[in-house]
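Quick notes on the structure that follows.
The values are calculated or read from the model by the stated rules, or taken from the named source; none is laboratory data. Everything numeric here is computed off the predicted structure, so don't read it as measured data. Cβ sites come from the backbone with ideal geometry, for glycine too, and all protein chains shown count toward neighbours.
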Amino acid sequence: MYPAPIETLQSPTTIDEVLRQLSARDKDALPLAGGMSLMQAVKARVVRPDVLIDLNGIAELRGITKDGGNLRIGAMTRYVDPAKPLLGATPREKALVTMWERRVELEGFGAVMEGVRNAASGLKGRAIAGPHDYEQIPALVDRSRPRVGNFLSDLDTRLAGAPFVAGDRFSVADITTLATIDFAVKAFAISIPEEHRALTRWYEAVSARPSASA
């Protein structure tokens, strides 16, 4: 059972409408795409939005469309803004972004979700996402906390030698990392340790970007 009814489901048709609706509601609104992970998080009481903004009606975000005889992917992070490539500008940058984003997913987000899915009462029998049912293992909740702590420590070490996660340029690796840390803060009520100065510097800088509060 959901902890509380969702006040409104909005269905914008453009990205500009989405940004306006998210900005108007601040932290009370969340975007809903094609997957069901958000609804599972709502059911598990990890997040409690008043408003859900359905992205499925936005033509610009549809999976694959024809464009002048070519195919393009909806997210288009590889070339939508050539001046600010989120996936790297050079072969080396692209490799580093891919590597670091994958590390964040495995070592950070994976650790957070291990704890959430094995602890949330709303996910009993659904400890692993997908078509099959798996029972929760309480011991994995205890293991996930030090995993998250080690992830933050390793990230602090990395950021002591680079301004951003994948190097000198803001990238999708930073976006994934910010989302992971924010989710960890909500799920485990943790904060970045004071001794992690490099990570704190990065977190404050990235959180202050306009896109982080859109």
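Quick notes
- Any hit, region 125-138, residues being of a type outside the set (D, E, K, R), out of contact with any strand residue (DSSP E or B) (no Cβ under 6 Å at 6 or more places or on another chain) and part of a helix (DSSP H, G or I): yes
- Any hit, region 133-141, residues being farther than 19 Å from S207 by Cα, at pLDDT below 95 and aromatic (F, W, Y): yes
- First in region 109-137 and in the same structural domain as V185 (by TED's automatic domain parsing) and among the polar types (S, T, N, Q), second anywhere and assigned to a helix (DSSP H, G or I) and buried (at least 19 other Cβ atoms within 10 Å of the Cβ), Cβ under 6 Å, 6 or more apart: Q136/N118
- Among residues of region 193-214, those that are touching a residue at least 60 places away in the same chain (Cβ under 8 Å) and part of a loop (DSSP other than H, G, I, E, B), counted: 1
- Region 1-119 holds helices (runs of 4 or more DSSP H) entirely within its bounds, and those carrying 2 or more residues that are at pLDDT 80 or above, in contact with a Pro (Cβ under 9 Å, 6 or more places away or on another chain) and farther than 30 Å from Q136 by Cβ map to 91-103.
- Inspection of region 139-147 finds a residue satisfying the criterion of being assigned to a helix (DSSP H, G or I) and buried (at least 20 other Cβ atoms within 10 Å of the Cβ).
- The one condition in (1) in a loop (DSSP other than H, G, I, E, B); (2) more than 27 Å from E194 (Cβ to Cβ); (3) more than 17 Å from the chain's Cα centre (by Cα) that G161 fails to fulfil: (2)
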